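Here is the structure we will look at.
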Amino acid sequence: MTTKKTLSALGFKETFDVEGRASIADLFKPNQRCGIYILHTSNGEHYAGQAIDVTRRYVQHCKNHNDIVKISFKRVTHKKLNKEEQKVIHTLEHEGFLLRNIAYTSIPHGESDFDLVMPVKEQEKWLRDLAVVGDKSKQRIVDDSLRRKYRGRLASFMKEKYANQVIDSLRSYVQLCIPAAHRGEVSFWIITCLPQKNVYSRLNIYWQEVLTVHVHKKELRFSLHLTKLNFDKLSDKKWNALFDNYSSLKAYAHAYEKGGSDQFNLYVSANDFERFIQDKWVLPSIRLFNLRLMKKGTCVRKNNHCLDLADKLV
């Protein structure tokens with residue numbers, strides 16, 4: 001679908017040329033400025049957002065982007081801004097638009113802070129070669145104040161019924177599914193220890209959890225978030241085979257906004273977990289999703305990292 005057709009389908013009826021403009025106040029009447037906008041830049045990238053007053057928001061963007069050449073806009077009521085913004089971003093991304101947005105997108109574009117930790121060529125090899133595990137760097141973070149904060153948690157953790165089994169499973173996940181686990185610890189991923197009742201641990205990247213280990217109806221379960229990309233390629237026959245191979249497997253449409261629309265949620269029991277994350281369809285989807293999140297930005301929950309538990313994983 002062409003840019004014009006995509007925008008038209010989304011309800012954007014007008015696109016204005018704004019190159020070199022310091023203001024667009026003359027383009028919109030004062031009582032008609034609340035809605036969703038799309039910025040077009042000179043290199044073909046786009047940025048979609050919401051604004052109560054699009055003319056003020058445009059001026060703010062001009063301070064950070066000096067290559068805006070066009071703006072598309074549609075009026076939306078204040079109550080519907082969040083929902084409509086997500087819909088527009090997800091549609092544009094699905095149609096192949098290169099977006100400068102970070103929130104609500106699934107695929108990060110351009111350079112990232114994580115590229116300085118793990119070079120792009122190394123990232124590509126890690127995605128391509130599933131035999132590459134662990135981190136070639138063995139240097140660990142030293143943070144005595146953070147370690148002291150959760151020092152007592154691990155002792156409590158080890159008294160739990162499934163403690164050793166959980167540690168073994170978490171270690172497998174970190175080694176297989178976290179890129180540059182030593183180098184990215186705290187800055188890009190964290191592990192919690194007994195964050196709430198019946199939850200052993202959560203592994204967080206960027207703004208969301210990607211793995212949760214918890215007890216449900218006296219059974220140890222693992223909840224994973226991963227990209228839908230590889231699973232969209234599966235035939236019904238292969239989907240059914242996947243569920244036959246892992247009898248505890250359950251799929252849900254749950255997704256976190258910050259991670260983008262290309263994700264879904266799978267649950268498996270402890271009996272299936274180790275085999276499941278090494279499955280040829282599953283592991284590439286986990287790796288791609290986790291790497292995308294790391295490239296989107298740093299982990300916001302770094303103060304919840306339990307270094308004593310991480311010692312046993314990396």
I'm trying to understand the selection: among the residues of region 60-79, which are part of a loop (DSSP other than H, G, I, E, B) and hydroxyl-bearing (Ser, Thr, Tyr)?
Thr77
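Each row is one residue, and each column tells you yes or no for (1) assigned to a loop (DSSP other than H, G, I, E, B); (2) over 18 Å from Leu176 (Cβ atoms).
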residue	(1), (2)
Ser248	yes, yes
Lys258	no, yes
Asp279	yes, no
Ser285	no, no
Do we find that Leu170 is part of a helix (DSSP H, G or I) and either over 24 Å from Ile286 (Cα atoms) or open to solvent by less than 40 Å² (accessible area, probe 1.4 Å) (or both) in this structure?
yes
Quick one: which of Lys237, Lys228 is in a helix (DSSP H, G or I) and farther than 22 Å from Ala163 by Cα?
Lys237
Residues that are open to solvent by 60 Å² or more (accessible area, probe 1.4 Å) and in contact with a helix residue (DSSP H, G or I) (Cβ under 9 Å, 6 or more places away or on another chain), drawn from region 83-97:
Glu95
Any idea which of Tyr206, Tyr246 is closer than 30 Å to Asp115 by Cα and either open to solvent by less than 80 Å² (accessible area, probe 1.4 Å) or in contact with a Gly (Cβ under 7 Å, 6 or more places away or on another chain) (or both)?
Tyr206
Out of the residues in region 110-166 that are of a type in the set (Phe, Trp, Tyr) and in a helix (DSSP H, G or I), state the one that is nearest to the chain's Cα centre (by Cα).
Phe114
Going through region 200-226 in order, the residues found to be in contact with a strand residue (DSSP E or B) (Cβ under 8 Å, 6 or more places away or on another chain) and either on the phi > 0 side of the Ramachandran plot or modelled with pLDDT under 95 (or both) are Glu219
For region 53-62, enumerate the residues that are over 27 Å from the mean Cα position of the chain (by Cα) and either of a type in the set (Gly, Ala, Ser) or open to solvent by 50 Å² or more (accessible area, probe 1.4 Å) (or both).
Arg56, Val59
Scan Thr41, Thr105 and give me the residue that is buried (at least 16 other Cβ atoms within 10 Å of the Cβ), touching a residue at least 24 places away in the same chain (Cβ under 8 Å) and either under 30 Å from Val174 (Cα atoms) or touching a Leu at 6+ places or on another chain (Cβ under 6 Å) (or both).
Thr105
Please go through region 276-314 and give me each residue that is small (Gly, Ala, Ser) and either touching a His at 6+ places or on another chain (Cβ under 9 Å) or over 29 Å from Gly152 (Cβ atoms) (or both), ordered by number.
Ser285, Gly297
May I ask you to say which residue of Lys74, Lys79 is exposed (fewer than 11 other Cβ atoms within 10 Å of the Cβ) and either closer than 16 Å to Arg100 by Cβ or not aromatic (Phe, Trp, Tyr) (or both)?
Lys79
Taking Leu293 as the residue in question, decide whether it is open to solvent by less than 10 Å² (accessible area, probe 1.4 Å) and out of contact with any Gly (no Cβ under 9 Å at 6 or more places or on another chain).
no
The conditions are (1) surrounded by fewer than 16 Cβ atoms within 10 Å (Cβ to Cβ); (2) farther than 30 Å from Ser285 by Cβ; (3) modelled with pLDDT of 95 or more, and Lys149 fails exactly one of them. Which is it?
(3)
Kindly establish whether Val142 is β-branched (Val, Ile, Thr) and open to solvent by 60 Å² or more (accessible area, probe 1.4 Å).
yes
Qualifying positions in region 173-195 - part of a strand (DSSP E or B) and among the charged types (D, E, K, R):
Glu185
So Ser247, is it closer than 30 Å to His109 by Cα, touching an Asp or Glu at 6+ places or on another chain (Cβ under 8 Å) and either touching a residue at least 24 places away in the same chain (Cβ under 8 Å) or not basic (Lys, Arg) (or both)
no
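The values are calculated or read from the model by the stated rules, or taken from the named source; none is laboratory data. Keep in mind it's a predicted model, so treat the numbers as computed, not measured. When we count neighbours, we look across all protein chains shown, and the Cβ atoms used for this are built from the backbone with ideal geometry, even at glycine. Remember, those area values only see protein heavy atoms, side chains included, never the ligands or the DNA or RNA. Shrake-Rupley method; radii C 1.70, N 1.55, O 1.52, S 1.80 Å.
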